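So the structure is just underneath, and the comments pick up after that.
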Amino acid sequence: MSSTHTKLSKSDILHLAKLANLSISDAEISKYESQLAETIDYVENMKELDTKGVAVTSQTTDLTNIFFDDGLVNNRALTSEEAVANSKTKQNGYFKVKKIM
Amino acid sequence: MDILGKSAVELLESLKKKEFSEKELFAYFHKRIERYNSKFNAFLTLAESTDENHEGPLGGIPFAMKDNFCTKGVRTTASSKVLEHFIPPYDSTVTIRMNQSGAVLQGKTNMDAWAHGSSTETSDFGPSKNPWNTDRAPGGSSGGSAAAISAYLSPIAIGSETAGSIRQPAAWCGVVGLKPTYGRVPRYGVVAMGSSLDCPGPMTITAEDAALVLEVIAGNDSYDATSSPVPVGSYRKEMKKKRKMTIGIADEYMENISDDVKKRVDEAIEIFKKQGHTIKKVKLISPKYAISVYTIIQRAEVSSNLARYDGIRYGNDRTHFGQEAKRRIMLGAYTLSYGYYDAFYKKAQQVRTLIIEDFKRVFNEVDVIVSPTTPVTALKLGEFEKYPFFGEVMDILNEGAAVSGIPAINIPCGLDSQKLPVGLQIMGNYFDESTILNLAYQFEKETNYFDVIKKGFERYKE
Amino acid sequence: MKQQYPVIGLEIHVELKTDSKMFCQCSADYFGKKPNTHVCPVCLGMPGALPVPNRQAIEWAILIGKALGCTINKISKFDRKHYFYPDLPKGYQISQYDEPFCVNGAVAIKEKTFRIHRVHLEEDTGKLIHGENKTLVDFNRSSVPLVEIVTEPDFHNSDDVRAFLEELQVIIRYLNVSDADMEKGSMRLEPNISLILNHDGSPDPELPKYKVEVKNINSFRYVKDAIEYELKRQAEILETGELPPQETRGYNETKGITYSQRSKEDAHDYRYFPEPDIPPIVFTEKQLEQIFESLPELPGEKIIRYKTQYKLRPQDAFIITRNRTTADYFEHVVHEFEKHRPVSNHEVEDIPQKVANYIINKKIPVDVSAEEFVRQALELMAPKQTDTKLLDEMIAKVVGANPKAVEDYNKGKQNSIMFLMGQVMKEMKGKADAQTVKNELIKILSK
Ligand SMILES: [Mg+2]
Ligand SMILES: [Zn+2]
C-alpha cells in the first residue's frame, strides 16, 4: 500500500454528505473518516505512472455522434398513471413533495 | 424426467423431441427453487409462469435474471431497500431480447445492493450462500445468479459486471460466466452502477450456452448510445472451429494468488499446450493500477448514478441507502469535487488510456490472455465487511478487462484442497468473444471442467 | 471625474421547439398539457434509463452559436452537472462544461459590440407548482432541449441590455428554432450585475470582486427594472464601504424589487464530469458547413442590404426586418411590383420605400397576397381623379386670399408654391392629385 496518509476531518465528511444529499450519524462519520482515507491512500499509487500528455478515456467504445432523429415515433410514452404508479406521494397525476420556498 | 444438469442446448433438444413440455420444464425448476432457495437465498422475487408455448432460439428455456435488470411488472430492487417496492413500468433491452427469444423468466436474483460488492453480502435482503459450502460467499455482485446456476435452480442466468461481478461469482460457484466487450450488450434498463463499465452477460453451465445467450442479447440498441453497431458474431458456429492459438501469460496476473489456485491454473495451461496452442509470456501493466482506476471511475459514476434516488418518483428516500452505497457515493463526490478532479478523476482516465494501449499492444502478439479469475477461492461469509476495500482487491484480476472494456470469460478448472471451485479467466481482444468462447469450448471438450459443474449440482439431486 | 460604472453580463436560456425532447422521443410540446403525460422512463429518470441525443437540437444549438458569431468546436461532449432539486429527476442535469458547442461570439448593435462567451446545449427541468403546504412536480418539461447563451460582462447600462436582448430574440426567431416567448418561459433571462462605484474612466477597468445574479425575470422591461434596482441597491452598500455579498436574487415584479435567494456559502459544487452515456460529438468542416446551410440572412445583414439595395431609410429598414416574415413579405411585394411595369424610373426607385411605408403605417394589411398588396398599393399611388372645374374655382379662391404668397412666388420664392398647394388641397378636401394641383397652380401664377 501507498505510504501517504490522507486525513479527512469530520467537516470534510459532513461536506461530502451534504453534496451527496445523505444524512449520516456520528458513528458513521468517524467510520468514514478512516475508510475513505484508506481508499484514497490506495489510489495514490496512480502517481507512480507518468501520464504527462496522455489523453483521457471517458468511453471505451470509440463511438461518436450517436443521435436520434427528431420526431421519431415515441414507443416509450407512459400515461400519467404509469408515471406516478411507484410514487408514495402523488396527487392528481402530479408527484408531491413538501412545500419548497 | 431426466433433466438435472442438462444444458440449455440439451433442453431445447429435449423440448423438440417432446421428452417433456415447456410447462413441465418450468415446473421442474420452480420446484427446485421452492426446495432450495431458502438455503441459498438466490432468488428475491419469482415471476409468474405462463401457459403459452414460446418460439425462438431459447423457446421455453427458463432463466434467472439479476435484480438490477428492469422487468416490466416484476419487482426490481437492485437488492436495495431504496427500491424495495419498485415495479418498473418498462423492460430492459436484455429483458426484451430474452423474452423475444422465447426464454421464460423464472425470477429475479439476489446481488450486492446496487451491485456494490463482491460477495452478495451487501444485499439489503440478506446474503446469498455458495452452494458448494453455505458458510461461504457465492461471490458477487451477481451472486444470486451464480448460485442459481451452480445448484441448477436455473439452466441459464443473466448477470452483469462492472468489474468482476459475473466472472468472480462464476469462479467461486464453479460455473461459466462471460463478460462481453463493453457496448456489446445494451445497458438500457439495467440499474446503472458504473456507466462506462457496466456489461450485462450470461452465466451458464456450458460455453455453448453462454454463446447462445450472447447471440440473443448482444447487438446495437437505439436506446443505448454506447451500444456497438459492430455486427453480432455467430458465436456457436465460430467456437466449434478447430483453432490453434497463441495464449499470452503475464506474470503480473500470476502474482499474489493462492498455491491451490496457481496449481490448477498451471495445469490448465499444460492442457492448452497439449492441445497444441502456443504459450507466450507477455508483459502487462500491473493490475494494482487497474484497481485504482476502477475505484475512482466507478465511485464517481456511482455517486452520480445514485443521485436520482430521491424517493419522489419511485422508491424510498435516501435514508434507505446502506453503508456500502453511502461510502461509495461520498468517495465519488470527493474525487469529483472542485480541486480534486485533476488529481483523481482525470488521472484515472489517463491511466485508463495507458491500460487500454497496453492491452491493444499485447493483443497484437497473442489471441487471448489467460490468468486465474480470482486470487483465492470462495471466502467465508463475513470476511468482506471487515475490510471495506477488500472487494476491489479480490477483483484485482478482473479490473483490467473492466476498465479497458475487453471481453473475458470464467470457466471452472478444478477444485482446490477445500473442494471449492477454481476459476480460469480468458481475456480477449475487443469484440472477439468468438475467440475466448472457442478456447473455453476446447477446454470444456477436453476436460468437461474436471466435472466441477456436475459435482456442483449433484449434491442437490432431489 | 469619478463615476458609477455598472458591469453586467447575461445568461439567457432558450427552449428549442423540436418535436421530441433532448434525450428521448417524448413530445417537447409540453405547454399547458396535463401533468406527467409527456413522459417516459428517460425523462422521468427511472432506474436504468439512458439518454440518446436529438440530432436536430444539436444542429440548432450550433446554428444559434453561428448566428451569434461564435466559433463552433469540432469536438464537444456532454457533461453531468450535479445538484439536488425535486424538479431534476436524475440528480444531475445533462449539460456541457468545458467543451461547449460554440464559443467566442459577438453581436453588434448599432455602434456597439457585445461579446458572447459561449453557447451550449442542455436539458430543461420539470416544473414545480407551489401550493399552500405542498409542492407538486410535473415532468412534462423535463429534458426539453435548452440552449444556454452566456455573454461576457460587456454591458454598462440597462438600455444596452434591453437592446441586446431584443436583438437576440429577433435572431432566434429568424432561425425558427424557438418561440423565444418570455411569458411561456421559452426564453429566460438572468443578468449578473455588479458595480464599480468610483470609476476613473479607464476603458478596461478591473472587474468587481462580486456579482449578483438575478433570476425569475420574464420580460425585457423587468430586466431593465431589476438592473436599475440592483444598481441602486449595490451603490448604497458600496457607499458604506462594504462589498455587496455574492448571491443569487429573485425579482418581485409587483414590488419591483430583488430579494436574496441563495448566498455564496451554499454555492454549488456541481461535480461536473463527462457524461459516460453519450459518446463525444465530432464534426468535420463539411458537416458543419451542411448545418450552416440552413442559416438564414440575419436581421443585421438584412438592414444593410435594404439600405443599399432598396434605399430604405435606416429606421424603416430596422423596423421592417424585426420579423423575418415581415421582411420576407416586404421583398415579395417589391418583386411583385416588377410585373407591373412600365413605371417611370422615378417611381421604381421609390417603390420599396413606399411598400415599407404602407407596411409600417399599416395602410395595407400584410395578411393579403402579394398581388393584392400591389393592387392596393397601385391604387394608393395612382394619380387621383381631379374635378378640374372645382380645382379652377378653388385655385382662384386661394390665389385671391393669399396675395402675399403669390407675390413671394413671383419674386422667385419657390417655397411659397408649397404653401399655396397645401391651401388648395385643403379646399379640395384632399380629393385631388398633388401633381395636377401643382401644374395648374404654376400655370395660373405664371399667367
Ligand atoms: Mg444552464
Ligand atoms: Zn421522455
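Data table
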item: Count - residues of the stretch C:121-133 that are within 14 Å of ligand 1 (Cβ to nearest atom) and either outside any loop (DSSP other than H, G, I, E, B) or more than 14 Å from every other protein chain (Cβ to nearest Cβ) (or both); result: 4
item: Some residue of the stretch B:337-344 being under 27 Å from the mean Cα position of the chain (by Cα) and within 14 Å of chain C (Cβ to nearest Cβ); result: no
item: Sole exception among (1) among the small types (Gly, Ala, Ser); (2) within 25 Å of the chain's Cα centre (by Cα); (3) closer than 30 Å to B:Thr95 by Cβ; (4) more than 16 Å from ligand 1 (Cβ to nearest atom) for C:Ala106, by number; result: (3)
item: All positions within the stretch A:19-49 that are charged (D, E, K, R), in contact with a helix residue (DSSP H, G or I) (Cβ under 9 Å, 6 or more places away or on another chain) and facing chain B (nearest Cβ under 9 Å); result: A:Glu28, A:Lys31, A:Glu44, A:Lys47, A:Glu48
item: Hey, C:Lys90 within 16 Å of ligand 2 (Cβ to nearest atom) and either in contact with a Lys or Arg (Cβ under 6 Å, 6 or more places away or on another chain) or in a helix (DSSP H, G or I) (or both) or not; result: yes
item: Odd one out for C:Val42 among (1) within 16 Å of ligand 2 (Cβ to nearest atom); (2) over 26 Å from B:Asn305 (Cβ atoms); (3) crowded, with 21+ Cβ neighbours inside 10 Å; result: (2)
item: In the stretch B:375-388, the residues that are within 11 Å of another protein chain (Cβ to nearest Cβ) and either touching a Cys at 6+ places or on another chain (Cβ under 7 Å) or surrounded by fewer than 18 Cβ atoms within 10 Å (Cβ to Cβ) (or both); result: B:Tyr387
item: Options B:Glu252, B:Glu215, B:Glu301, B:Glu208: the member that is over 21 Å from the mean Cα position of the chain (by Cα) and not hydrophobic (A, V, I, L, M, F, W, C); result: B:Glu252
item: Tally, over the stretch C:88-120, of residues that are within 14 Å of chain B (Cβ to nearest Cβ) and free of Cβ contacts under 8 Å to residues at least 12 places away in the same chain; result: 0
item: Complete set of residues in the stretch C:173-189 that are in a helix (DSSP H, G or I) and under 20 Å from C:Leu10 (Cα atoms); result: C:Arg173
item: Condition check for C:Gly48: away from ligand 2 (no atom under 12 Å from the Cβ), part of a loop (DSSP other than H, G, I, E, B) and either out of contact with any helix residue (DSSP H, G or I) (no Cβ under 6 Å at 6 or more places or on another chain) or away from every other protein chain (no Cβ under 14 Å) (or both); result: yes
item: Test result for B:Arg318, among the charged types (D, E, K, R), buried (at least 16 other Cβ atoms within 10 Å of the Cβ), within 14 Å of chain C (Cβ to nearest Cβ) and without any contact (Cβ under 8 Å) to a residue 60 or more places away in the chain; result: no
item: In the stretch C:128-179, residue farthest from C:Val42 (Cα to Cα) [restricted to those that are within 16 Å of ligand 2 (Cβ to nearest atom) and among the polar types (S, T, N, Q)]; result: C:Asn140
item: Test: residue in the stretch A:57-67 that is without any contact (Cβ under 8 Å) to a residue 12 or more places away in the chain, of a type in the set (D, E, K, R) and under 26 Å from B:Ala300 (Cβ atoms); result: yes
item: Residue among B:Thr447, B:Thr374, B:Thr435 that alone is among the hydroxyl-bearing types (Ser, Thr, Tyr) and either at pLDDT below 95 or within 19 Å of B:Gly159 (Cβ to Cβ) (or both); result: B:Thr374
item: Selected residue (only one of C:Val119, C:Val103 is touching a Pro at 6+ places or on another chain (Cβ under 7 Å) and either at pLDDT 95 or above or within 16 Å of ligand 2 (Cβ to nearest atom) (or both)); result: C:Val119
item: Residue within the stretch A:50-59 that is facing chain B (nearest Cβ under 9 Å) and in contact with a Cys (Cβ under 7 Å, 6 or more places away or on another chain) present; result: no
item: Residue count, the stretch C:16-33 (criterion: within 14 Å of another protein chain (Cβ to nearest Cβ) and either in contact (Cβ under 8 Å) with a residue 60 or more places away in the chain or within 16 Å of ligand 1 (Cβ to nearest atom) (or both)); result: 11
item: B:Ser160 assigned to a strand (DSSP E or B) and either of a type in the set (Ser, Thr, Tyr) or closer than 17 Å to B:Met65 by Cβ (or both); result: yes
item: Only one of C:Lys363, C:Lys413 that is out of contact with any Leu (no Cβ under 9 Å at 6 or more places or on another chain), surrounded by 12 or more Cβ atoms within 10 Å (Cβ to Cβ) and among the basic types (Lys, Arg); result: C:Lys413
item: Selection from the stretch B:436-462 of residues that are more than 16 Å from B:Ile205 (Cβ to Cβ) and buried (at least 21 other Cβ atoms within 10 Å of the Cβ); result: B:Ile436, B:Asn438, B:Leu439, B:Gln442
item: Subset of the stretch A:63-101 [under 30 Å from B:Val351 (Cβ atoms) and either within 16 Å of ligand 1 (Cβ to nearest atom) or more than 9 Å from chain B (Cβ to nearest Cβ) (or both)]; result: A:Thr64, A:Asn65
item: Every pair of residues 6+ apart whose Cβ atoms lie under 6 Å, when the first sits in the stretch C:65-82 and is part of a loop (DSSP other than H, G, I, E, B) while the second is within 16 Å of ligand 2 (Cβ to nearest atom); result: C:Phe78/C:Ile94; C:Phe78/C:Ile278
item: So C:Ile8, is it more than 14 Å from ligand 2 (Cβ to nearest atom) and in contact (Cβ under 8 Å) with a residue 60 or more places away in the chain; result: yes
item: The stretch C:11-21, residues that are more than 9 Å from ligand 2 (Cβ to nearest atom) and either crowded, with 24+ Cβ neighbours inside 10 Å or of a type in the set (A, V, I, L, M) (or both); result: C:Ile12, C:Val14, C:Glu15, C:Leu16
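The values are calculated or read from the model by the stated rules, or taken from the named source; none is laboratory data. Everything numeric here is computed off the predicted structure, so don't read it as measured data. So basically every Cβ, Gly included, is an ideal-geometry build from the backbone, and we count neighbours across all protein chains shown.
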